[in-house]
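Bear in mind these aren't lab numbers, they're just calculated from the coordinates by the rules spelled out. Small disclaimer: the values here were computed from a predicted structure and weren't measured. Glycine gets a Cβ as well: all are built from the backbone with ideal geometry, and neighbour counts include every protein chain shown.
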Amino acid sequence: MVDTKTQECFQEWKEREAIAEAMIPLIGKLYRDHEVICTVFDRALVNKSVNDILRAHRFARQIIDREIWVRDTFPLLQAMIKLDLAPGKVDLARMVLRYQEQGGDIDAFVAEQLKELNTGKSQQLSEPRDVVLYGFGRIGRLLARILIEQAGGGNKLRLRAAVVRKGGDGDLAKRASLLRRDSVHGQFDGTIRIDEAENAIIANGNMIRIIYADSPEEVDYAQYGINNAIVIDNTGKWRDRDGLGKHLKSK
């Protein structure tokens, strides 16, 4: 027979899991619809699992010598979702500490704390900005992971293509596999598939066209609908203005 203390401990854990599960869609909605990143002492909660969220809350012990509880941060999220927030970053842990000092109506408190963000929905960019990776080695793939992770609602920087030299048979599948697994950084956080017809890797819904070229100036980005892109040359081949200026000669 399980003793009372053991049962209470397990029941508390299940309750915390349930709250963390309920937090995930709110965190995601704030990020996708408003570009608001929720954190706990600067640890981002976006795209995190239940256990990741609970670990982030326990991390507070290293800052304030006690844990921040999800039962305290969850009501803040519920109040935030009622506001029309502009893009920004909100530290739930620090806001909890202020609320515990002040008390009062939580909706009114959150509205006051976030009044500088509660200005109506506005995007950081007037329209999505295309990004192209020139080179898709390890550095390029890590950059791809960062850009995909921070894609949000797709209205910021958007990875459109990677330019590489043509490989052998199965080149597309091999590049997708390398993006999916990294010996140091581990598994890609999400789903990856390939589209042979478009010669593209689709990672978390982001279509990354693989464009084959031997030099920057021969690439015709316009034929892929890519315009005014930010090109990140991560090959290391060109290191001066003249060399990198070759990219300005592409279409």
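The table below gives the values:
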| item | result |
| --- | --- |
| Relative contact order for the chain, counting Cα pairs under 8 Å that sit 6 or more residues apart, in percent | 15 percent |
| Spatial separation of Cα centroids for the range 74-147 and the range 181-251, in angstrom | 28 Å |
| C-alpha long axis of helix 70-80 to longest principal axis of the chain, angle in ° | 70 degrees |
| Of the trypsin sites (Lys or Arg not before Pro) in the range 192-249, those whose Cβ has at most 10 other Cβ within 10 Å and which sit in DSSP loop | R239 |
| Three-way shape label, the range 1-63, alpha-carbon gyration tensor, a/c 1.5 | oblate |
| The chain - share of DSSP beta bridges that are antiparallel (%, nearest 5) | 40 percent |
| Modelled FRET efficiency - R0 30 Å, V184 with D214, Cβ distances, 0.05 increments | 0.55 |
| When each of K5/K48; K166/K246; K89/K251; K29/K156; K48/K174; K89/K156 is checked by Cα-Cα distance, pairs over 26 Å | K5/K48; K89/K251; K48/K174 |
| Angle in degrees between helix 4-34 and the longest Cα principal axis of the chain, rounded to the nearest 10 | 50 degrees |
| Trypsin sites (Lys or Arg not before Pro) restricted to DSSP loop in the range 72-177 with at most 16 other C-beta within 10 Å | K82, K115, K121, R165, K166 |
| Label of the coordinate-derived value, volume of the Cα convex hull per residue in Å³, listed as [x] 137; [y] 188; [z] 146 | [y] |
| Rounded D (µm²/s) - the range 48-169, Kirkwood Rh over Cα pairs, Stokes-Einstein at 10 °C, 1.306 mPa s | 90 µm²/s |
| Between 0 and 90°, nearest 10: helix 171-180 axis offset from the chain longest Cα axis | 20 degrees |
| Approximate spin-label separation E15-Q150, in nm, with each point projected 7 Å along Cα-to-Cβ | 3.9 nm |
